[in-house]
Each structure stands twice: as C-alpha cells, then as structure tokens.
Amino acid sequence: MTLTSDRVEVAADPRQQYEQAMAERWSDGVPLLPATDDAVEAILAASPYPADHALCVLPPRNGVATVELIAINAAMAGVEPAAFGVVLAALEAMSEPEWNAFGLTTTTSSVFPMLVVNGACRDELGIDYRASCMGGAAGRGSMTIGRAVALCLRNIGGQRAGETTKSVFGQPARFGFCFGEWEERSPWPALSVRRGFRADQNVVTVHGGKGTFPLADIHNDDPRDLLYLIAKSLAFPLANPYLGNPENGEVIVAFNPMWAERFGRAFPDVEDLQRYLRAHACQPIDLWPAANAAMLADRGRVDPEGRVHLFERPDQFVPMVCGGLGSLHAIALPSFGESQMQSKAILSKS
Amino acid sequence: MDLDRVAGAVDEVAGVLRADGGDLILLDANPRTDRIHLSLVLESVSCQDCVLAPDLLYETIEQALHRHVEGEFELVVDDPRRANA
Amino acid sequence: MRTHGVYMRPHQSYDAGMSDPATVWVRRPTAAPGGDESAPAFRLDRAVSGLTIGVREDRAWRSWQLIGDIWSEYLRRDGAETITVETGAQVGQPGSDDRKQIDELAAVVDAAVVGLGTCGSCTTFTIKDAVALEEQERPVVAVVCEEFLVHGQNVATHLGHRDLKILVLPYPLEARPDDELRAIADEYYPRMLELLGVAS
C-alpha cells in the first residue's frame, strides 16, 4: 500500500509528541496516538474505499478529505480498523447538502455533529448505549469514532475556534460525540429502521445538536402527563426554532428504557407519540416580551389559540431509547435549526 | 451480564425459600436488555408468614444479584402475593 | 518543554533504515484549504440610473432590513429600480426556495447588495448568495459586520471568490436605535456604491 500524504518525523517520546501535536495544531488539546504508516495502513486495509478516494470536501476551509487523510486522523484518535467504516459513513452523512456542514461548522451556535449508531456493530465496536452512553461509559468505539470525526473537521476542514468557526461557546461534543440506540429496549422500531434502513443494517445517523438538555421527573407516573411536560420543556422560549424556521431541524428526545416502556404502552405507534409531542411543544404567545412576541406574530407563528409551536411537523421530534435504568431522566439534543439529520449505512470492506 | 452469576445469585435466595417449601425460578436473564425476570413460587410453602414480605423479598433478591452481577439490570419478580393484592 | 522545531522535520526523504530511534515517522493529518483560484469580480463602471439593483435582506436581522430599505430608497432616488428579496433559511424547502430566489434575482438585476453577515452561518450564506450572483457575472457587494469580516473573507476565498467585494459595517448592529442605524446607512451608502463600481 502506498501512502501519499506528507511524512513528518516526530519524537518517539509520547510527551514530546504531545507537545509537537499541540504546536502543529493537530490536536484538540488531548494527546494523540502517532499516525505511523503501520497504523494508517491497518485502518486503510479495512476501508471499503481506496486510499486515494476523495470522500468529501470538508468545510469551513473546503479541504479535500481523501480516505487516506481520514485514516490518518482516525489513527490519531485510536479508531480500530473495524470501526473505520463508521467514521466514513458519518462524514458522508455530513456531506449531504441538507445537513448544512458549511453553516454548522461556521455558526456562532454551539452545534456539532452528534452520531447515533444502530445495528450489531454497537457491541462489536464498543459504542455505548446503556448507562452514561453520552459520556463516561468509556466505550472505545464511542470515544474514538466521535473524536476522529472531530479531528477530521479540525485538520481537514480547518475548523478552528474563533478563526474559521465562530461558535461562541463551543460544547463538550466538540471533542467527539457518538452513542448508540438501545434498540432491544425500544418499544418502537429502531431509529435507523424508521429512517428507511433494514433492521440488520449498521447505520449511523448524524444530528447537528446544540448540546445535551436534561429533563427529569419523579412525581408523575402517567405517561401522557410526563410526555406533556417533556414537550413543554422542549419548547423553551429561547429555543432556536423560535428564532428561525419551524420547518427545519429536529430535536432528538432520548428516553431511558424504563420511561420508554411506559411511553410505549401509551403510544404503541411512535408516530402517535410524535404527534402528541408536536401538539404540546408550544407556548402561549403571552410568555414572550413584546419585542419577541411581535416578531413571532409578524412571521405568522401564532396559531388561532394564541400558541406558538416549536416545530411545524411531528417528524421533527425524534424519540429514541438509550441510557441507564434510572427511571427519572430523559435528555434532549436540540437542533441548531438549519440542518436536517442524515443517515448512512456503515460499509465494511467486502 | 454474566448468566452464571445471575443463576448463582438466584440460587442463593432460592435456597432460603426452599427451606420453607417455596422457590424462586429464573425465567429469563437477557444480556441484550439487561432485564432479569424471576418467578416466586409459594404453592407448597408450609409457613406463609415465614416468607419475607414482597418489598423486603424484592430488596433481598436485588441485593443478592448486585453482589454477584456487575453493572445495571432491571429486576422483575412475579410475586403471587402482589397479583392477589 | 516545547520541542517543536527540534524534532519536527517535515518534507524530508523517508528512510526507515536511517531513522533515529528517538523519533518516529508519522503522516501529516491536515489538508490544504480549498480556493486556490479566484473567480473574477465585476464592476458597474457607470451610474445606477436606469439599472435594476437587487437588495438581499435577511429575515433574522431587523437592523439590516432597515439599512437595506434605506439604501433601496437612495438607489431609487438616484434613478435605479430596486428589487428586494428576503431570505431566512439554509436547508429544507424554505432553503431551496431562498436559493431559487437568489438565482431568479441574478437573472433580472444588473448588480446586487447582499447582507447581512453578522453571525457565523448567516455570514456563510451571505457570502454564498453573493458568490451565486457573482457567478452570473453580476457586480455584487456582500455586507458583513466587522466581527465577521475575517470569516467572510475566508468563506469567499474557500469558495474560489477571493476578490469578492465585502463592505464592512460596525458590529453589532442589533439593539441600536433606528436613528443610529439611519446614520450608519447614510455613512456607508457611498462606500457601497464605490464597491459596486458605480461611476458618477
């Protein structure tokens, strides 16, 4: 296998390597593994595409992401060769125009790609979907795949805080964010199946998420009451869809398995649950001060009952199941708005 | 979820129940869902009052499982006394 | 201790047999930025009288709507016709409708003013829409607030339009009273005409 990217001689000592990676601005602030030829070639050997294949162009600096360059960043993040297909599929998903990578990588918002994985590869690759799946569970797949995608944006796309990306706060997911759905505990078809894939396929869905927004309750066991409160919480008055278009964007609502079971009994058809969320994710126009209320009214956002809905359609609410068995939490991953989540099948070398 | 460890923990509690003529049966322990489903058998119990009350028995089983099984699990116990309540 | 410059030896010939045991060879993870070439920019080189000038406003920015409207009024005073379009979306059907609107604008105007870049993604789309007009060989000015100038220049460069004309307005514009915004509109109108290449 012939690699064509630049060779660089670095110190063998890991601490010195760390300093050098920081000086070269290859690093996200955390030590990286050396992208030696052996490591890169092992990853490329598992790639469904040849090394010189230009998979996509990554904004904001429009760097051409060849499979070899992606493999180098994956090697630095510690991605196992078997997991490389997830990185490739995620980048392909992010390259779909409707994901709006150019907007997402440059916005002042805190948005960043959040990867949701379905399929048997969750267990094979160590993609977390049970307790602490959004951080802390320490699955190798979750941590390295998410970080590899983030490094590709940094090193190939040229995303640099305050320079090419104007994100005011950033967010922890900028280190990488990848988790799975606990399909076996879901009362509904898996997210990937609802998005048109077969149940036996490995699929990654990339969501432009603004962060993790926690929701909790211990006082109400009625599933409809609880969902009503979740819907109201999603429609917080400074949510992005109240700034822009209610037709665009989604919010992922991740339920713990115990709540999911409860909701599944009340709403065996997930589309009924989505309709219920859409109907109640609204606020009375009186909630907003005059300036905001005037703007919402001007844009035709107020319905005949004087309510302002968060989103236009039920399918913009994306329920899924993951997390531990503590039956008192849900978590929302709100959207930046001007982005539509994309899913891709994870390919492996045939 | 280590199924042998689950069986060992269930057996530990079942042993106590068997002394009074009762039993605890492992219906299912699913590592895909982390759910452990047990059934309490009381038909042949000689001394009903000797069996721990439902909540206390549930806690005892749960503690026994936690001593043997790593990580989180959901415990479901079919207790006929609850069904009759 | 920083070791950069001591061990870092890029672009040297690779000979594994000769490598120093205190070093290892790795592959560089970065890509060259896009935008090596620059598409031509265009100038009016005449007065605006008798021309049709497009003004692209943004639903998000009230301040820019006011400035855009004032400039449209001044352009009409100077003998031009104006067409104002308002965008507000980047994806989905509303985004497609907005981009279609820009394409249609490009087909009927002689020049255009496109704003406003005063956030990350809205600067990106201001530049993208301005580039769409420039690709139709229309003189165009992208209007960007000072805080987002470098970002706007980067986007233009990486889209292959390094020479795109960018007018820089003060930042922030939002939350200023209308009389201040009117004063800014008055102050920057001549510079906007200059960047369009308007000859008196």
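Taken together, the values in this text are just the output of simple stated rules run on the coordinates, not laboratory data. Source: prediction; values computed, not measured. So basically every Cβ, Gly included, is an ideal-geometry build from the backbone, and we count neighbours across all protein chains shown.
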- Taking the Cα centre of chain A as the origin and placing charges on Cβ (Lys, Arg +1; Asp, Glu -1), which of A:Leu347, A:Gly63, A:Ser335 is farthest toward the positive end of the dipole? A:Ser335
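Tell me the relative contact order for segment A:24-144 as a rounded percent, counting alpha carbon contacts under 8 Å between residues six or more apart. Mind showing how you got there, number by number?
Details: 129 pairs, mean separation 26.0, N = 121.
Relative contact order for segment A:24-144 comes out at 22 percent.
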- Averaging over all projection directions, find the projected area of the Cα convex hull of the protein assembly as shown and quote it in nm² with one decimal place. 35.7 nm²
- Message: Taking 25 °C and 0.890 mPa s as the conditions, I'd like the Stokes-Einstein D for segment C:67-137 in µm²/s, using the Kirkwood hydrodynamic radius from alpha carbon pairs.
- Response: 191 µm²/s
- Note on the structure: Checked against the positive end of the charge dipole of segment C:52-196 (+1 on Cβ of Lys and Arg, -1 on Cβ of Asp and Glu, about the Cα centre), the farthest of C:Leu159, C:Phe148, C:Trp61 is C:Leu159
- Given charges at Cβ of Lys, Arg, Asp, Glu: segment A:246-338 dipole, positive-most of A:Ala266, A:Gly324, A:Leu296: A:Gly324
- Message: Kirkwood hydrodynamic radius, segment A:213-333, all distinct C-alpha pairs: what's the number in Å?
- Response: 14.8 Å
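Express in % the proportion of alpha carbon pairs of segment A:1-91 at distances exceeding 23 Å. Walk me through the numbers on the way to the answer.
Values: 934 of 4095 pairs.
In whole percent, the long-distance tail amounts to 23.
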- Using the Cα atoms as the points, what is the convex hull volume per residue of chain B in Å³? 84 Å³
- Message: Suppose we flag trypsin sites (Lys or Arg not before Pro) only when DSSP calls them loop and at most 16 other Cβ atoms lie within 10 Å. Which is the longest uninterrupted stretch of chain C?
- Response: C:44-161
- Query: Percent relative contact order of segment C:20-150, based on C-alpha pairs within less than 8 angstrom and at least six residues apart?
  - Reply: 25 percent
- Item | Hull-based mean projected area of segment C:63-200, where the convex hull spans the alpha carbons, in square nanometres | 8.0 nm²
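Among bridges DSSP assigns within segment A:247-338, what percent are antiparallel (round to 5)?
Working: 8 of 13 bridges.
Restricted to segment A:247-338, the bridges split so that about 60 percent are antiparallel.
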- Message: For chain B, take the longest principal axis of its alpha carbons; what is the angle in degrees between that and the long axis of helix B:54-68, to the nearest 10 within 0 to 90?
- Response: 30 degrees
- Query: Nearest 20 debye, what's the magnitude of the dipole of segment C:60-129 about its Cα centre given +1 on Lys and Arg Cβ and -1 on Asp and Glu Cβ?
  - Reply: 220 debye
- Query: In degrees from 0 to 90, rounded to the nearest 10, what is the angle of the helix A:223-234 Cα long axis to the longest principal axis of chain A?
  - Reply: 70 degrees
- Message: Please enumerate, by chain and number, the lysines with C-alpha under 25 Å from the C-alpha of A:Lys166, excluding those fewer than 8 residues away in the same chain.
- Response: A:Lys210, C:Lys128, C:Lys165
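Dividing the convex hull volume of the Cα atoms of segment A:14-209 by its residue count, what figure in Å³ per residue is obtained?
Values: hull volume 23.6 nm³, N = 196.
Each residue corresponds to 120 Å³ of Cα convex hull volume.
Can you classify segment C:153-197 as rounded, prolate or oblate using the Cα gyration tensor, where a ≥ b ≥ c are the square roots of its eigenvalues, rounded means a/c under 1.5, and otherwise it's prolate if a/b beats b/c and oblate if not? Walk me through the numbers on the way to the answer.
Details: a/c = 5.31, a/b = 1.73, b/c = 3.06.
In terms of gyration-tensor shape, oblate.
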- Specify the inter-centroid distance of segment A:133-150 and segment C:103-143, based on alpha-carbon positions, in whole Å. 40 Å
- Task: Using the Cα centre as the reference, give the magnitude of the dipole from point charges on the C-beta atoms of segment B:3-84 (Lys, Arg: +1; Asp, Glu: -1; all else neutral), rounded to the nearest 20 debye.
- Result: 80 debye
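What relative contact order, as a whole-number percentage, does chain A give when Cα pairs under 8 Å and 6 or more residues apart are counted? Let's see the in-between values first.
On the way: 727 pairs, mean separation 77.3, N = 350.
Answer for chain A is 22 percent.
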- Message: So if I take the centroid of the Cα atoms in segment A:154-228 and the same for segment A:319-348, what is the distance between those two points in Å?
- Response: 3 Å
- Task: Can you list which of the trypsin sites (Lys or Arg not before Pro) found in segment A:110-192 are DSSP loop residues with at most 15 other C-beta atoms within 10 Å?
- Result: A:Arg160
- With +1 on each Lys and Arg Cβ and -1 on each Asp and Glu Cβ, and nothing else charged, work out how big the dipole of segment A:14-209 is about its Cα centre, in Debye to the nearest 20. 660 debye
- Note on the structure: Rounded to the nearest Å, the spacing of the alpha-carbon centers of segment A:57-128 and segment C:19-42 is 20 Å
- Message: Calculate log10 I(q)/I(0) of chain A for q = 0.07, 0.08, 0.13, 0.15 Å⁻¹, where I(q) comes from the Debye formula with a single equal point scatterer on each Cα and nothing for solvent.
- Response: -0.31, -0.40, -0.98, -1.24
- Message: If I require 18 Å or longer along the helix axis, counting alpha carbons, and a Kyte-Doolittle average no lower than 0.0, what helices from chain C are left? Use full DSSP H segments.
- Response: C:120-134
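Checking the a/c ratio against 1.5 first, then a/b against b/c, what shape does the Cα gyration tensor give for segment A:176-275? Walk me through the numbers on the way to the answer.
Working: a/c = 1.65, a/b = 1.07, b/c = 1.54.
Oblate.
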